[in-house]
1. Can you tell which of 139, 183 is crowded, with 18+ Cβ neighbours inside 10 Å and closer than 12 Å to residue 49 by Cα?
2. Under the condition of being touching a strand residue (DSSP E or B) at 6+ places or on another chain (Cβ under 9 Å) and without any contact (Cβ under 8 Å) to a residue 24 or more places away in the chain, which residue from the range 100-131 is farthest from residue 151 (Cα to Cα)?
3. State which residue is surrounded by the most Cβ atoms within 10 Å (Cβ to Cβ) when the search covers only the range 1-42 and only residues that are modelled with pLDDT of 90 or more, under 17 Å from the mean Cα position of the chain (by Cα) and in a loop (DSSP other than H, G, I, E, B).
4. Looking at 93, 105, can you tell me which residue is of a type outside the set (Ser, Thr, Tyr), closer than 16 Å to residue 54 by Cα and open to solvent by 80 Å² or more (accessible area, probe 1.4 Å)?
5. Sort out which residues of the range 43-66 are out of contact with any helix residue (DSSP H, G or I) (no Cβ under 8 Å at 6 or more places or on another chain), closer than 17 Å to residue 22 by Cβ and outside any helix (DSSP H, G or I), and write them in order of number.
6. Scan the range 81-102 for residues that are part of a helix (DSSP H, G or I) and either among the acidic types (Asp, Glu) or closer than 21 Å to residue 45 by Cα (or both) and jot them down.
7. Among the numbered criteria (1) open to solvent by less than 50 Å² (accessible area, probe 1.4 Å); (2) modelled with pLDDT under 85; (3) farther than 19 Å from residue 114 by Cβ, which single criterion is violated by residue 134?
8. Between a residue in the range 60-82 that is open to solvent by less than 60 Å² (accessible area, probe 1.4 Å) and any residue that is among the β-branched types (Val, Ile, Thr), which pairs come within a Cβ distance under 7 Å, given they are 6 or more apart or on different chains?
Amino acid sequence: MAEDEAPAGRKPYLAGGAEFAALYDVKRLQVSQWISRDHTLDYRYAKIISGSPYWLLQFVKGFGETTPRPKHLNQTELERLTKEQGPGYWVREVEQLPPLVGQAELVTLFRLPSGALLRKAMSTGRFRPADYNLSGSPIWLLEPVVADAPALRAGARGVDWVADEGVLAALRDGSYDGPGSRIVPRGKAANKTAE
């Protein structure tokens, strides 16, 4: 089996901003500065989920060797992260990722009036546990969530849990451009774009 094939029951290794920072023993703000100020990092090897970037761990582990000043990778943190996500597999290109969703995409997919309904279903155990918890955010593989929808519908009182077919098709084929598909500037960056 090739390194980038998806073995059954496994998920691709990913890293959010907090994990990226931990892998290089820097503060999370440094990762943002590598993007906005230093331009040594971009989003080519990241999937935007619920408005945040999640990089391919394959890219992250080699990132330090590509910068003008080499950065040391924390091997202990890499081992911890791969163990936490295991069993997993390595992906070299974002296009090789299976469809992934966060809370913003799920609210849109199931036409929920707010994220509060999703969070309630999660807190009561009716909604499947997240496949990842990266940088404090839950992320799911799309297909198991869709497979669970009939059971959610059967036990629901106020929510239909019927997937919007157009959104589902866009999430599957990578063309989704709804809520969560872009990074929304916050703080000082948001003020600059508003001017």
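1. That would be 139, the only listed residue that is crowded, with 18+ Cβ neighbours inside 10 Å and closer than 12 Å to residue 49 by Cα.
2. If we take residues in the range 100-131 being touching a strand residue (DSSP E or B) at 6+ places or on another chain (Cβ under 9 Å) and without any contact (Cβ under 8 Å) to a residue 24 or more places away in the chain, then 130 is farthest from residue 151 (Cα to Cα).
3. 16
4. Result: 93 is the single residue among 93, 105 that is of a type outside the set (Ser, Thr, Tyr), closer than 16 Å to residue 54 by Cα and open to solvent by 80 Å² or more (accessible area, probe 1.4 Å).
5. 54, 64
6. Scanning the range 81-102 gives 81, 82, 84, 85, 94, 95, 96.
7. It is condition (2) that residue 134 fails.
8. 67/40
The values are calculated or read from the model by the stated rules, or taken from the named source; none is laboratory data. Since the structure is predicted, the reported quantities are computational estimates derived from the model, not experimental observations. As a convention, Cβ positions derive from the backbone with ideal geometry for all residues, glycine included, and neighbour counts pool all protein chains shown. These area figures cover heavy atoms from the full protein model, side chains too; ligands, DNA and RNA do not enter into them. Shrake-Rupley method; radii C 1.70, N 1.55, O 1.52, S 1.80 Å.
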